[in-house]
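See structure below.
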Amino acid sequence: RRRLHNQVLELKGNIRVFCRVRPAGEGHKSSILVPSDDELVLTSAGKHNSFSYDKVFAPEATQEEVYNETQPLVVSCLDGYNVCVFAYGQTGSGKTHTMDMMNSRALGDLFRLSGERRAIADYSFKLTAIE
């Protein structure tokens, strides 16, 4: 199970880039379109620029959808792989909102899964969170 799980993640790519589009503020029109789950189109001054990502989360994406895409990394962490998830963006873009949710769900899964595996492995955890 462990070997196959991590082979699937490696096939997806050891480094993946996701983009989460923040909803436009009330009374504002968004200049960002999400035509597919891996493309974002930015409209500015009448020009359309297309960007490709491994996954694009539209403004209506839920916290659960975002976490479900990264949750397999929690299992890889328990399998002994080093895992890093980070958020990058301008001030006020929602990084803390997303990462607070990611951290709490990931820790919950880590503790739950390690408890389920306690008969076959002994785990210790070290977490670094920087803002």
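If only residues of segment 94-103 that are farther than 15 Å from residue 17 by Cβ and not charged (D, E, K, R) are counted, the one that is most open to solvent (accessible area, probe 1.4 Å) is 97. Considered as a group, the residues in segment 1-22 that are over 30 Å from residue 120 (Cα atoms) and either part of a strand (DSSP E or B) or modelled with pLDDT under 85 (or both) include one that is nearest to the chain's Cα centre (by Cα), and that residue is 18.
For residues in segment 45-82 being open to solvent by less than 50 Å² (accessible area, probe 1.4 Å) and among the polar types (S, T, N, Q), which is modelled with the lowest pLDDT? Write out each step before concluding.
Start the filter on segment 45-82 by keeping residues that are open to solvent by less than 50 Å² (accessible area, probe 1.4 Å), which leaves 55-59, 61, 63, 66-67, 70-76, 78-79.
Cutting the leftovers down to among the polar types (S, T, N, Q) gives us 63, 70-71, 76.
Working: 63: 93, 70: 88, 71: 90, 76: 85.
Only one residue tops the list, namely 76.
Every test in (1) exposed (fewer than 13 other Cβ atoms within 10 Å of the Cβ); (2) hydrophobic (A, V, I, L, M, F, W, C); (3) within 14 Å of residue 131 (Cα to Cα) is passed by residue 85 save one, and that test is (1). It is to be established whether one or more residues within segment 111-120 are touching a residue at least 40 places away in the same chain (Cβ under 8 Å) and open to solvent by 40 Å² or more (accessible area, probe 1.4 Å). No, segment 111-120 has no match at all. If you go through segment 92-125 and keep only what is among the hydrophobic types (A, V, I, L, M, F, W, C) and farther than 18 Å from residue 63 by Cβ, you end up with 111, 113, 119, 120, 121, 125. Within segment 106-122, the set of residues being within 14 Å of residue 72 (Cα to Cα) and in contact with a Ser or Thr (Cβ under 9 Å, 6 or more places away or on another chain) comprises just one member, 106.
The values are calculated or read from the model by the stated rules, or taken from the named source; none is laboratory data. Note that this is a predicted model, so its numbers are computed, not measured. Ideal geometry is used to build each Cβ from the backbone, glycine not excepted, and the neighbour counts take in all protein chains shown. Just so you know, the surface numbers come from the protein's heavy atoms only, side chains and all, with ligands and any DNA or RNA stripped out. Shrake-Rupley method; radii C 1.70, N 1.55, O 1.52, S 1.80 Å.
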